[in-house]
Amino acid sequence: MLARAGLLIAAIAAIDWKVQTNVSLGFLYLFPMLMVGAWLEPWQLGIVAAICTELVELFDPFPFVASEGIPRVILVFAAFFGTGLFAYESARNRRLALQHVAEIETESEARRDAEEQLRVLIESSPAAIFTLDGDGRVVLANSAAHRLFGVPPDTLAGQMMRDYLPAIGTVPFRREGSQIFRTEMECRGRKRDGEPFLASVWFSSYRTRSGPRLAAVVADVSEELRDREESGLRQFMDGSRVVIATVCHELRNMCGAIAVLHANLGRSAGIAGNEDYKALSTLVEGLGKIASLELYQSATDLSAVDLMALLDELRIIIEPQMRESGIHVIWRTPPSLPKVRADRHTLLQVFLNLIKNSARALENANPKTIMIGAESSHDRVTVRVTDTGPGVGAPQYLFQAFQPAAQATGLGLFISRALLRRFGGDLTYDPPAKGSCFTITLVPVTQDREETSNDEDGATAAGGRSRAIRPEPGATAGGRT
């Protein structure tokens, strides 16, 4: 285009030079100025306009008179330069418009792709997703929402969500000026046929031109509730069996002593035939039989437990509470640990019991530090829980049932060690120079045993989330339960 403009300027100059007329052809330079205006910068347009002005004056048939020529030169230069600037601005605006159109098309394409991906994500999500308007009616709902509430496909829109999730109706997002909610709640839900279920709801409110809206993601966690309650019941039964076994052991000892005294009294003359003595004999014999009953050993499913995953779950559970109590928890674990033979929930409860004891012992201590370390060898895995508390005043009573130094029953450590020993582990107290240290010893799972065991890998079947039953604070013996 610049070359053509140059040739056109040369042609106009040649024609103006050859054609001898009283009319100047300088006005024709406006056309090459329009051509170069789309490609040159303003300062370059000024140079081209000056060249064209010079050519006009050079081939002008009239002589140059300063009083008339200078205003004419200025006017001609302004005309050429203004024409070039007009073309320059027009071309620049056109380029900006084309660029803006291209950006709009790119953004529109990206928006369509994002909307398509979001639509596919929502429709393929296993969790129920829906939005509500200001009246609590469903605006949009995915397929999982229809399956969750047991309604036919594409029929949930327009229905009142409080009929299925009554707790949603209590969220005050409809009023003008109400705060924006982004939170989670657990509530009861009902399906269309009236079947109840436990729902975990994540929701957030927002505002549109049409009014307030609420978006929610709902998951059915009924299976998790059943697993949690079954796990709690199993742990309660296991602990109860240990307590009953301990009581029976103490009763057997007492019955043995009573039987000896009963036999000694029987040697006295005149007592052996007494009816009350015979009744006492019957009672002692019956009590001895009750105390000698062997308790049924619960068939806890032992499996290959991923200890690293269990420690991560333990960290998630205890870290917030420890921070609130001003306790610094130090984790010294290797990059990997072998799987151990244990019951996952029982092992987690033992860890929680030890850490609760340490936290209770650190209430008046300074500094407040709990260190959890782990190491492994070929035949065992060791986990140590160490704190900087005042230590244990009477370590000889730590693992005794109904210990005299405890404030209540003192069964926490006794039951913890008993449960660990049921799957080949152990719990010991190793007194450090300062504070206290409890050591948990576990049996690693070999490759052959792992192939035949049920590997949990730290997961729970329902929702991939485990909620541990936290032990209630119990009695202390030297500060330990």
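Quick notes
- Put simply, the Cα atoms of the range 323-375 extend 37, 24, 16 Å along their principal axes, the longest span coming first.
- Evaluated with a Cβ-only charge set (Lys, Arg +1; Asp, Glu -1), the range 298-339 carries a dipole of roughly 180 debye about its Cα centre, given to the nearest 20.
- Bins of 5 Å from zero: percent of alpha-carbon pairs in the range 128-220: 3, 14, 28, 27, 17, 8, 3, 0
- Inverse mean reciprocal Cα-Cα distance (Kirkwood Rh) of the range 303-451, Å: 15.9 Å
- In the range 2-98, the C-alpha radius of gyration followed by the widest Cα-Cα span (Dmax) gives 14.2, 48 angstrom.
- Out of every Cα-Cα pair that the range 67-156 contains, those further apart than 15 angstrom amount to 76 percent.
- Relative contact order (percent, whole number), the range 99-223, Cα cutoff 8 Å, 6+ residue spacing: 22 percent
- Inter-label distance, A10 to R323: 7.8 nm, where each label sits 7 Å from its Cα along the C-beta direction.
Read-outs throughout are calculated quantities, based only on the coordinates presented, and are distinct from any laboratory measurement. Being a predicted model, the structure only gives us computed values, none of them experimental. Every residue, glycine as well, gets a Cβ built from its backbone with ideal geometry; the counts of neighbours run over all protein chains shown.
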